[in-house]
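*Asks:* I'd like to ask some things about the structure below.
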Amino acid sequence: MKKSYRAEKMRISNFKFQISNFRRDGFTLIEVIISITILSLITVIIGSAFRLGIQAWEKGEKETGEAQQLRVLSSLLSQQLKSLYPYRIKIEDKDEDVVAFKGEPDSITFVTTLTDSSYGGLKWVQYIFREGVLLYKEGLLPDKKFEEHIKDKNKEEIVDTNIDNFQFSYLAPDDDEWADSWDDEEDVPGSVRINLSHFQPFVIKIQAVEYGEKDEDI
């Protein structure tokens, strides 16, 4: 009986010793749960930071692309306007010749000497900003259907659909106040200011050109 009691006592002691060693060598359930929770939080933080980094990179790439495209557009506009020619034409309902220049807040029509090198000469160009879309059309001169082609929407080509703002204003050569439109049929403005999306407005000076004889009858 005593031997059996001693054996049972020894077995219990060994069991307690094993449990004690397990606690020293391993982790409790609470410790495991806390560790998993901390690891999950660290994973979420790293994932969020990585996602934000990707989004910032994509946004930067998009803005860089848009900025480059707008620079190209502003450069083309500057070259065309600096090469503006006060082309004089006779149109319907007008007794006298008028200059082919029309300026509105959201559109501009003018004649430029900046044409294809293989053709040379002159061409008329028109920019229209309508419902967030920038449109463009052009035609070679002389053009007996100038007025008809100017109004023809089928000739419009889409330049960009991601422009927030595109607005023109005009300054007379001897004036210091900008106007939203230009209706002077005998003269062209001395400068054109363009508000293009989030860029700072830029001003294009137009060089004065002596008028010649009537260029074309329509």
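*Asks:* Of the conditions (1) part of a loop (DSSP other than H, G, I, E, B); (2) modelled with pLDDT under 85; (3) buried (at least 16 other Cβ atoms within 10 Å of the Cβ), Pro86 satisfies every one except a single condition; which number is it?
*Replies:* Condition (2) is where Pro86 drops out.
*Asks:* Right, another one. Just to be sure I understand, how many residues within segment 89-103 are assigned to a loop (DSSP other than H, G, I, E, B), at pLDDT below 80 and surrounded by 11 or more Cβ atoms within 10 Å (Cβ to Cβ)?
*Replies:* 2
*Asks:* Report, by residue number, each residue of segment 182-210 that is among the hydroxyl-bearing types (Ser, Thr, Tyr) and either within 16 Å of Gln69 (Cα to Cα) or loosely packed, with under 15 Cβ neighbours inside 10 Å (or both).
*Replies:* Ser197
*Asks:* Take the residues of segment 104-118 that are assigned to a strand (DSSP E or B), under 23 Å from the mean Cα position of the chain (by Cα) and of a type outside the set (Ser, Thr, Tyr): which is farthest from Glu148 (Cα to Cα)?
*Replies:* Only one residue tops the list, namely Glu104.
*Asks:* Has segment 146-163 got any residue that is more than 24 Å from Tyr87 (Cβ to Cβ) and touching a Ser or Thr at 6+ places or on another chain (Cβ under 6 Å)?
*Replies:* Yes, because at least one residue in segment 146-163 is more than 24 Å from Tyr87 (Cβ to Cβ) and touching a Ser or Thr at 6+ places or on another chain (Cβ under 6 Å).
*Asks:* Within segment 119-136, can one find any residue that is on the phi < 0 side of the Ramachandran plot, in a loop (DSSP other than H, G, I, E, B) and out of contact with any strand residue (DSSP E or B) (no Cβ under 6 Å at 6 or more places or on another chain)?
*Replies:* yes
The values are calculated or read from the model by the stated rules, or taken from the named source; none is laboratory data. Fair warning: this is a prediction, and the values are worked out from it, not measured in the lab. Ideal geometry is used to build each Cβ from the backbone, glycine not excepted, and the neighbour counts take in all protein chains shown.
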